[in-house]
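Let me begin by presenting the structure, written as structure tokens, before commenting on it.
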Amino acid sequence: MLRITNNRKKAEMSMGLRMTQSELDAALSGSSKNIRLEKMLASWTMQIKDLMLELSDRKQADMDVKEIRTILQERLLGIVAEKEPETANGNFTAYFQNFIDGKENKGTKGVYKHTLDKIRSFDPDVDMKRFEDIDLKWLTDFETFCAKTASKNARNIHLRNIRAVFNNAIDYEITSAYPFRRFKIRPEVTRKRSLTVDELRKLFDYPIEEYAEIYRDMFKLIFFLVGINTVDLHGLKEITRDGRIEYKRAKTHRLYSIKVEPEALEIIEKYQGNNGLLCIADRWSDSRNFRHQLNKALQRIGEVERRGRGGKKIRTAEFEGVSSYWARHSWATIAYEIGIPKDIIAQALGHSDVHDVTNIYIREDVRKVDEANRRVLDWVLYSKR
């Protein structure tokens, strides 16, 4: 990393390289066996010093460190591309890191960073490789490496992330290499992630321990709000005058609007919060912690009996594997089963391409989603078709 310090403020910039301290010292001193690395660091060092002098001469020494970082990113990449085209624009991990840095969502950044870490664990020399070096054999060997510790679908996440970086690099004419023409990502059949109507009714009415009541109510609320994501549920602020919740989805940044049905309103009023619409924002500052506790509690719902002298609790889980995400899948599955068109289901879940930010408030569109949700709730809660 290149650390930039100015006026007691700091910013860091990834150089897209990995090496030991001794390798770095050798490259900076001119005694390295890696001539390409030595030339690259020498070029960067010279350009950094030149920029420092330039800013000083222009009396811009007070410039914000982030602005300096932006200039350095442009200049260093540009200069390296001119003198070392194979290393700059074609460097795979450097571009991968820039791709990560361009993501706004913290969770998305983490997913791609995990892939980059896995790549470096597999290939110690990958930081000096170009896109053209990531070929069919490399991908095959990488998948074999991941298979030692990850499931098929977990491996596919890494492979899809690599493919996304390749597609982005091709879009910006960084490379024309594309090993995925011959390498196919074959998904594993995902296990069940939805509850049937009977299972939902059982969960909603199941006798539970007192501590678990809030968690089941939050699961129900997610279902009543068309499978809203936990991060969005955690961040809700208010109900509008016309009885809706409106928010930007954390995943897609798309503006979204849902009518608050009476069943949902009852739960919201039961768990009113101070820092947000719901008290979960008061109890958990981080939505990930809330989601973890929610899923843990849902999977513990079941028969409880005490055995032995110490009265040890023995649980029989009734809803094995269930999580908050099952509410979303269940809503979509049930909606399809009762005859709601696929395009309305996609629109309700925020998947429809035509349902963009500018038309989300068109009354007809919103009305169709509202009607779909009401039909789903009527069927699950009251057996009304």
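None of the figures in this text is laboratory data; all of them are computed from the coordinates on show. Every value quoted in this text rests on a predicted model; they were computed, and no experiment measured them. Quick reminder, even Gly has a Cβ in these numbers, built from the backbone with ideal geometry, and neighbours come from all protein chains shown.
So which trypsin sites (Lys or Arg not before Pro) in the range 167-236 pass both tests, a DSSP loop state and at most 12 other Cβ atoms within 10 Å of the Cβ?
Values: sites: ARG181, ARG182, LYS184, ARG191, LYS192, ARG193, ARG201, LYS202, ARG216, LYS220; in loops: ARG182, LYS184, ARG191, LYS192, ARG193.
Taking the range 167-236 and a limit of 12 other Cβ atoms within 10 Å, the loop trypsin sites (Lys or Arg not before Pro) found are ARG182, LYS184, ARG191, LYS192.
Here LYS10 is the anchor, and the aspartates and glutamates within straight C-alpha reach of less than 14 Å, apart from those fewer than 8 places off in the same chain, are ASP62, ASP64, GLU67.
Straight Cα distances below 16 angstrom link LYS9 to the lysines LYS66, with same-chain residues fewer than 8 positions distant left out. Work out the count of Lys pairs in the range 201-294 where the Cα-Cα distance is under 20 Å, with the pair 8 or more places apart or on different chains. Close lysine pairs found across the range 201-294: 10. Cut-off 10 angstrom, C-alpha nodes, Gaussian network model of the chain. Which of GLY30, GLY302, GLY235 fluctuates the most? Among GLY30, GLY302, GLY235, the largest GNM mean-square fluctuation belongs to GLY30.
In the chain, the DSSP-assigned H stretches of four residues or longer account for a calculated mean residue ellipticity at 222 nm of -16500 deg cm²/dmol, using -39500 (n - 2.57) per stretch and the full residue count as denominator.
Distance between the C-alpha centres of the range 249-266 and the range 322-351: 14 Å, rounded to the whole angstrom.
From most to least packed by mean Cβ count within 10 Å, the peptides 372-381, 264-273 give 372-381, 264-273.
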